[in-house]
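Below: one structure, written as structure tokens.
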Amino acid sequence: MKKYTLIGLLGLMVCSCFPEKPEEADLIFTNGVIYTVDESNPKVEAVAVKDGMILALGDSQDVLAHTGDHTEVMDLGGKTMTPGFIESHAHLMGIGYNKLELDLMYVKTYDELVEKVAEAVEKAEPGDWITGRGWHQDKWIEKPDKIVKGFQTNDPLNEVSPDNPVFLRHASGHATFANDKALEMAGITNLTGERPGEVEGGEIIVDELGNPTGVLTERASVLVERIVPDDTPERDEAALELALEELNQKGITSFHDAGSGQDVIDLVQKFKDEGRLTVRQYIMISSRQPDVMEAWYERGPMIDSADHMLTVRSIKLHCDGALGPWGAWLLADYSDKKGHRGHETLPMDIVTEVSEKALELGFQVCSHAIGDRANQEVLNRYESAFEKFPEVTDHRFRIEHAQHLHPDDIPRFGELGVIAAMQAIHLSSDRPWAIDRLGRRRVIDGAYVWQKIFQTGGRICNGTDAPVEPVDPIPSFYASVTRKTLERLPEGGYEGDQKMTREQALKSFTLDGAFAEFEEEFKGSIEIGKAADFTVFDKDIMTVPEDDILDTQVEMTVVAGKVVYKAI
């Protein structure tokens with residue numbers, strides 16, 4: 001008996017002299033400046049990955065101990081790595097189709113827009129539709145000669161495209177611009193009456209004689225949109241491929257698609273099944289397709305707990321318009337359009353109905369609300385639904401945009417546990433002219449009030465609203481921490497007391513984005529056991545002078561431990 005005990009002790013001593021070799025990693029990133037968004041361990045030098053998950057992290061020497069015969073070691077060369085950036089509100093197919101149609105995001109004048117249409121007409125057959133998106137009259141550096149209700153008229157468009165119908169979406173997605181050919185095909189001609197041009201939830205802009213000018217706001221756009229030919233499956237696939245490629249290049253590892261139908265869900269599922277889906281997708285079901293919404297009620301949420309590449313568990317409601325076309329629903333008149341308070345684009349009773357149904361069936365509700373009236377109405381409906389279903393304590397309902405709030409409603413985000421899904425880049429783009437729409441007092445008290453939301457216990461997830469803005473998160477990160485335009489103005493930023501810290505901004509694009517889709521235990525920070533989703537930048541966005549942030553480029557994008565993009 002003593003003999004065996006002695007042998008056992010000797011074996012134990014031998015084992016202690018030769019400790020077990022650390023588990024071999026598939027991939028190791030070393031020699032980097034790595035921000036983890038983990039408060040207990042905020043910064044490390046290296047990360048080891050195995051089977052798409054984080055195996056180890058710490059200083060380079062310790063992590064390199066996980067090197068084996070089949071381990072790939074990537075030297076970051078001092079570059080900056082963060083958790084993979086999460087785009088919390090954008091439009092997947094819109095990003096792709098922006099590359100297949102006329103991209104008007106960067107046109108600086110109406111004349112330039114007309115030139116782009118003329119070029120497209122030259123390449124088209126008579127009768128072909130000319131479509132595009134991205135124009136914004138308040139961003140043009142000079143105003144057209146003729147303006148009706150704040151918008152251009154389509155006379156120059158008619159001259160360059162008499163035989164081709166033209167349909168161009170506003171950058172916000174809340175207005176459209178058509179030539180006479182398209183209007184005639186839709187049956188829109190001279191309009192008269194007490195309030196000519198008004199339709200439920202929108203307006204056909206007409207001149208003093210009742211002639212349509214070509215601009216349609218909010219739900220009026222459907223009158224022309226419904227006759228635009230449907231896209232083909234081949235074009236849909238091409239658009240999705242282009243969108244994913246763009247997201248990879250911009251460092252996006254997860255994407256919240258802010259409202260799609262079953263066709264998009266099916267296409268993304270197809271890409272996933274074929275191994276072509278390179279960005280994790282969280283798709284909101286659009287309430288604009290009630291039959292699809294009803295079918296999902298019957299089915300219940302689709303929560304991907306296997307590889308976390310495609311989840312469908314939220315419903316998108318469209319409750320008001322946008323500020324640019326005077327469509328955001330306000331509590332008081334627009335400062336630059338007396339007698340007008342925007343549009344309620346969805347009956348508020350539907351918000352109550354959907355909220356209650358969602359709580360009952362396990363769905364999240366994400367309501368588009370920009371104006372202070374829309375935000376207040378949505379919060380009221382959410383609150384009443386929460387009171388009806390007190391047993392549902394982790395609903396994570398969201399308001400998409402939450403741009404302009406009444407001061408009394410700001411604390412309600414924290415009190416009710418409602419997430420503010422905001423896009424900081426809208427501050428850069430909109431603030432110079434938003435003050436004309438709202439007036440100084442409303443802007444200071446309740447527009448883009450990030451710190452006020454944080455200080456009252458609210459949570460913000462960040463994004464770009466692409467293709468309203470470019471999907472690049474760097475300008476939105478810059479806007480978050482500077483509150484300046486992309487021309488780096490004004491000094492000190494607009495309402496500078498509402499700037500995010502860099503830590504808050506990074507968290508809004510990572511861990512808070514993950515929280516907004518119930519995935520904070522799986523991704524959003526660099527911790528052992530979480531997904532190996534990373535974004536690598538050529539500059540340290542947490543320390544460089546703030547105006548240098550805009551010069552930062554994505555060097556690498558990693559999803560589930562696979563490099564899906566690497567700069568040349």
Quiz prompt | From the options 495, 469, 527, 520, residue that is without any contact (Cβ under 8 Å) to a residue 40 or more places away in the chain and either more than 30 Å from residue 107 (Cα to Cα) or in contact with a strand residue (DSSP E or B) (Cβ under 9 Å, 6 or more places away or on another chain) (or both) | solution = 520
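Restricting attention to the stretch 204-238, and to residues there that are in a strand (DSSP E or B) and touching a helix residue (DSSP H, G or I) at 6+ places or on another chain (Cβ under 6 Å), which single residue is farthest from residue 318 (Cα to Cα)?
So in the stretch 204-238, the residues in a strand (DSSP E or B) come out as 204-206, 212-218.
This time we only want the ones that are touching a helix residue (DSSP H, G or I) at 6+ places or on another chain (Cβ under 6 Å), so: 204, 212.
Details: 204: 19, 212: 26 Å.
My answer is 212.
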Quiz prompt | Failed item in (1) without any contact (Cβ under 8 Å) to a residue 40 or more places away in the chain; (2) within 20 Å of residue 43 (Cα to Cα); (3) not in a loop (DSSP other than H, G, I, E, B), with residue 557 passing the rest | solution = (1)
Practice problem: Tell me which residues, restricted to the stretch 274-305, are basic (Lys, Arg) and touching a strand residue (DSSP E or B) at 6+ places or on another chain (Cβ under 6 Å). | Solution: 280
Self-check item: Residue list for the stretch 539-568, filter: touching a Ser or Thr at 6+ places or on another chain (Cβ under 6 Å) and of a type outside the set (Ser, Thr, Tyr)
Solution: 539, 540, 541, 546, 559, 564
Exercise. Those residues that are at negative phi and surrounded by fewer than 19 Cβ atoms within 10 Å (Cβ to Cβ), I need them from the stretch 22-32; list them, please.
Key: 22, 23, 24
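Rundown of residues vs (1) of a type in the set (A, V, I, L, M); (2) at pLDDT below 90; (3) more than 29 Å from the chain's Cα centre (by Cα); (4) closer than 21 Å to residue 147 by Cα, yes/no style:
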site: 182; (1), (2), (3), (4): yes, no, yes, yes
site: 185; (1), (2), (3), (4): yes, no, yes, no
site: 192; (1), (2), (3), (4): no, yes, yes, yes
site: 196; (1), (2), (3), (4): no, yes, yes, yes
site: 208; (1), (2), (3), (4): no, yes, yes, yes
site: 222; (1), (2), (3), (4): yes, no, no, no
site: 228; (1), (2), (3), (4): yes, no, no, no
Quiz item: Counting only residues that are among the acidic types (Asp, Glu) and in contact with a Phe, Trp or Tyr (Cβ under 7 Å, 6 or more places away or on another chain), which one in the stretch 286-344 is farthest from residue 172 (Cα to Cα)?
Solution: 344
Quiz item: Quick one: what pairs do we get from the stretch 128-139, first residue modelled with pLDDT under 90 and crowded, with 21+ Cβ neighbours inside 10 Å, second in a loop (DSSP other than H, G, I, E, B) and among the aliphatic types (A, V, I, L, M), C-beta under 7 Å, 6+ apart or different chains?
Solution: 133/104; 134/104; 134/105; 134/171
Quiz item: So, of the residues in the stretch 54-69 that are in contact with an Asp or Glu (Cβ under 7 Å, 6 or more places away or on another chain) and outside any strand (DSSP E or B), which turns out to be farthest from residue 24 (Cα to Cα)?
Solution: 59
Self-check item: Answer residue from the stretch 369-390, given it is among the basic types (Lys, Arg) and free of Cβ contacts under 8 Å to residues at least 40 places away in the same chain and is nearest to residue 342 (Cα to Cα) among those
Solution: 381
Quiz item: Of 168, 157, which residue is outside any helix (DSSP H, G or I), buried (at least 22 other Cβ atoms within 10 Å of the Cβ) and in the same structural domain as residue 197 (by TED's automatic domain parsing)?
Solution: 168
Quiz item: Hey, which of the helices (runs of 4 or more DSSP H) in the stretch 455-544, taking only ones fully inside, have at least 1 residues that are of a type in the set (Ser, Thr, Tyr)?
Solution: 473-482, 502-508
Exercise. Answer yes if at least one residue in the stretch 440-457 is more than 22 Å from the chain's Cα centre (by Cα), buried (at least 20 other Cβ atoms within 10 Å of the Cβ) and not assigned by TED's automatic domain parsing to the domain that holds residue 173, and no otherwise.
Key: yes
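Go through the stretch 108-118 and report how many residues are closer than 23 Å to residue 163 by Cβ and of a type in the set (Val, Ile, Thr).
Total meeting the criteria: 2.
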Exercise. Working only within the stretch 326-349, note down all residues that are closer than 18 Å to residue 288 by Cβ and either of a type in the set (S, T, N, Q) or part of a loop (DSSP other than H, G, I, E, B) (or both).
Key: 327, 329, 343, 345, 346, 347
Exercise. Any chance you could count how many residues in the stretch 413-430 are surrounded by fewer than 21 Cβ atoms within 10 Å (Cβ to Cβ) and either within 14 Å of residue 367 (Cβ to Cβ) or not assigned by TED's automatic domain parsing to the domain that holds residue 487 (or both)?
Key: 1
Practice problem: For residue 477, indicate whether it is touching a residue at least 24 places away in the same chain (Cβ under 8 Å) and surrounded by 24 or more Cβ atoms within 10 Å (Cβ to Cβ). | Solution: yes
Self-check item: Leading residue by the ranking (surrounded by the most Cβ atoms within 10 Å (Cβ to Cβ)) among those in the stretch 78-124 that are closer than 30 Å to residue 61 by Cβ and in contact with a Gly (Cβ under 8 Å, 6 or more places away or on another chain)
Solution: 83
Practice problem: Could you list all residues from the stretch 254-306 that are acidic (Asp, Glu) and part of a loop (DSSP other than H, G, I, E, B)? | Solution: 274, 304
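The values are calculated or read from the model by the stated rules, or taken from the named source; none is laboratory data. A quick note: this is a predicted structure, and the numbers were derived from the prediction, not measured. Every residue, glycine among them, receives a Cβ derived from its backbone with ideal geometry; neighbour counts consider all protein chains shown.
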